[in-house]
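Chemist: Here's a structure for you.
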Amino acid sequence: MKRVERGNPEIPENPYLLLTPGPLSTAPGVRGAMLRDWCTWDEDYKALVQDVRRRLLDIAGVSPATHTAVLMQGSGTFAVEAAIGTAVPPGGRLYVLANGSYGLRMVEIARRAGIDVAFQCESEMEPPDLELFRRELERDPAITHVAVVHSETTTGMLNPIEEIVSMAKEYGKVCIVDAMSSFGGVPLDLRCLGADYLVSSANKCIQGVPGFGFVIAGVDELRQCEGRSRSLSLDLYDQWRVMEADRGKWRFTSPTHVVHAFSRALRDLEEEGGVAARHARYVANQRTLAVGMRALGFEPLLPEEWQGPIITTFRYPPGSAFEFVRFYTLLKERGFVIYPGKITRIETFRVGTIGDIGPEDVARFLAAVEESRSRLAV
Ligand SMILES: *Cc1c(COP(=O)(O)O)cnc(C)c1O
């Protein structure tokens, strides 16, 4: 077996750029941060965890006096499941405003946990229906919790969470926001927003590698959640208590390498100029993509007013011999990996514009699209 030599770490080149919204293309320094082994209960590691938790609160614009960041092993869905399964008490009722598969996933999470759940999913191509939401709030006082996705990765739509949370708060509901694919890449001030739980993960806009998610929660709210969780490993309250009491200790084996990579990614974000600068880069990426693709005959699915900078859905070119798998393969040969569509009914594919990429990479991608399209004769 070949061993990596000390002081001579091998960081292999990536064979292609991931134009997928997580996992995404990470910076070499982030991948390089994983080339050491770490002890989980050692003070050095726990101090790093505490630093990561503090930095997450800074990004959310909240203070440790009122909020806490709890890290949770697993992919992003595990953190959403931890938040819902820990927040909603027995006898509570969750209302989900869904307009895509990640919204519907929250409905499924609640059902599996035996949580009473109601939802709307009027259209994947439009924001949630706020009139309908208000009618439901008026009609059904049994609703205790409200959940919504910020950046619905199914289409790339940015949902109006400010209006949704503010309406839910008018009626005194506890709010859970899945900000998985927007946190760190779209400016968001949790103090102004007023949501109680904000969920995201390591491998999206912070540009870390996959392995854990996190929940930023109001301390007063989380404090009430003892014993509510339907799951042992996904008990957000217990995870929080142990992280607090033992200053950065996770209850069960923590993804040490991933946390180190994440810490490096947080430093990179700061060096880039914070969320505002990152957002500007993602917006430039997305604009370059949308304008270039349109010129090549690929229409974005969403109107510009609802389109976010994270991922863009394109319709297949009309009436053509377009074959996604061949298109995908041709692009991959040219160094780019894209995503299939996820919405029902219309044939689409998706291209992500987050990760360690800039408009110049998107321009190279557009050249690859032009070449691949001519090979497909569409
Ligand atoms: C990525 C993502 C998730 C979590 O997906 P995982 O595959 O579990 O990481 C949840 N919600 C949204 C909106 C996402 O983009």
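The values are calculated or read from the model by the stated rules, or taken from the named source; none is laboratory data. Predicted model only: the values in this text are computed from it and were never measured. Cβ sites come from the backbone with ideal geometry, for glycine too, and all protein chains shown count toward neighbours.
Chemist: In segment 210-245, how many residues are more than 16 Å from the ligand (Cβ to nearest atom), over 18 Å from Thr40 (Cβ atoms) and of a type in the set (A, V, I, L, M, F, W, C)? Step through it out loud before you land on a result.
Modeler: Step one: list which residues in segment 210-245 are more than 16 Å from the ligand (Cβ to nearest atom), which gives 217-230, 232, 235, 237-245.
The next check asks that each one be over 18 Å from Thr40 (Cβ atoms); those that pass are 217-230, 232, 235, 237.
Okay, now just the ones that are also of a type in the set (A, V, I, L, M, F, W, C), so 217, 219, 222, 225, 232.
Residues meeting the conditions: 5.
Chemist: Report, by residue number, each residue of segment 210-239 that is of a type in the set (A, V, I, L, M, F, W, C) and either under 21 Å from the mean Cα position of the chain (by Cα) or in a loop (DSSP other than H, G, I, E, B) (or both). Step through it out loud before you land on a result.
Modeler: Kept after step one, since they are of a type in the set (A, V, I, L, M, F, W, C), are these residues of segment 210-239: 212, 214-217, 219, 222, 225, 232, 234, 236.
Hits for segment 210-239 are Phe212, Phe214, Val215, Ile216, Ala217, Cys225, Leu232, Leu234, Leu236.
Yes or no, residue by residue, for (1) out of contact with any helix residue (DSSP H, G or I) (no Cβ under 7 Å at 6 or more places or on another chain); (2) touching a residue at least 24 places away in the same chain (Cβ under 8 Å); (3) in the same structural domain as Phe214 (by TED's automatic domain parsing); (4) among the hydroxyl-bearing types (Ser, Thr, Tyr):
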{"residue": "Leu94", "(1), (2), (3), (4)": "no, yes, yes, no"}
{"residue": "Asn99", "(1), (2), (3), (4)": "yes, yes, yes, no"}
{"residue": "Glu124", "(1), (2), (3), (4)": "yes, yes, yes, no"}
{"residue": "Pro127", "(1), (2), (3), (4)": "no, yes, yes, no"}
{"residue": "Glu131", "(1), (2), (3), (4)": "yes, no, yes, no"}
{"residue": "Asp140", "(1), (2), (3), (4)": "yes, yes, yes, no"}
{"residue": "Glu162", "(1), (2), (3), (4)": "no, yes, yes, no"}
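Chemist: To continue, here is another question. Give Gly92, Gly85, Gly32 a once-over and let me know the one that is more than 16 Å from the ligand (Cβ to nearest atom), over 18 Å from Leu266 (Cα atoms) and either modelled with pLDDT of 95 or more or among the small types (Gly, Ala, Ser) (or both). Give the steps one after another, and end with the answer.
Modeler: Details: Gly85 fails: more than 16 Å from the ligand (Cβ to nearest atom); Gly32 fails: over 18 Å from Leu266 (Cα atoms).
After ruling out the rest, the residue left standing is Gly92.
Chemist: Among the residues of segment 163-209, count how many are in a loop (DSSP other than H, G, I, E, B), away from the ligand (no atom under 16 Å from the Cβ) and of a type outside the set (Asp, Glu). Break it down into steps so the answer makes sense when it comes.
Modeler: Going residue by residue through segment 163-209, those that are in a loop (DSSP other than H, G, I, E, B) are 171-173, 179-189, 194-196, 202-209.
With away from the ligand (no atom under 16 Å from the Cβ) added as a condition, the list becomes 171-173, 187, 189, 194, 196.
From what's left, of a type outside the set (Asp, Glu): 171-173, 187, 194.
The qualifying residues number 5.
Chemist: Something else now. For Pro340, are the conditions met, namely being surrounded by fewer than 19 Cβ atoms within 10 Å (Cβ to Cβ) and modelled with pLDDT under 95?
Modeler: Values: surrounded by fewer than 19 Cβ atoms within 10 Å (Cβ to Cβ): yes; modelled with pLDDT under 95: yes.
For Pro340, the condition - surrounded by fewer than 19 Cβ atoms within 10 Å (Cβ to Cβ) and modelled with pLDDT under 95 - is met.
Chemist: Would you mention how many residues in segment 241-283 are closer than 30 Å to Gln224 by Cβ and touching a Lys or Arg at 6+ places or on another chain (Cβ under 8 Å)?
Modeler: 7
Chemist: Among all residue pairs at least 6 apart or on different chains, which show Cβ distances below 9 Å where the first residue, located in segment 269-280, is within 15 Å of Ser181 (Cβ to Cβ) and the second is in a helix (DSSP H, G or I) and at pLDDT 95 or above?
Modeler: Close Cβ pairs satisfying both conditions: Val275/Ile59; Val275/Leu269; Arg278/Leu269; Arg278/Glu272.
Chemist: Any residue at all in segment 144-158 that's closer than 17 Å to Val107 by Cβ and either without any contact (Cβ under 8 Å) to a residue 24 or more places away in the chain or surrounded by fewer than 21 Cβ atoms within 10 Å (Cβ to Cβ) (or both)?
Modeler: Looking for residues that are closer than 17 Å to Val107 by Cβ and either without any contact (Cβ under 8 Å) to a residue 24 or more places away in the chain or surrounded by fewer than 21 Cβ atoms within 10 Å (Cβ to Cβ) (or both), one finds at least one in segment 144-158, hence yes.
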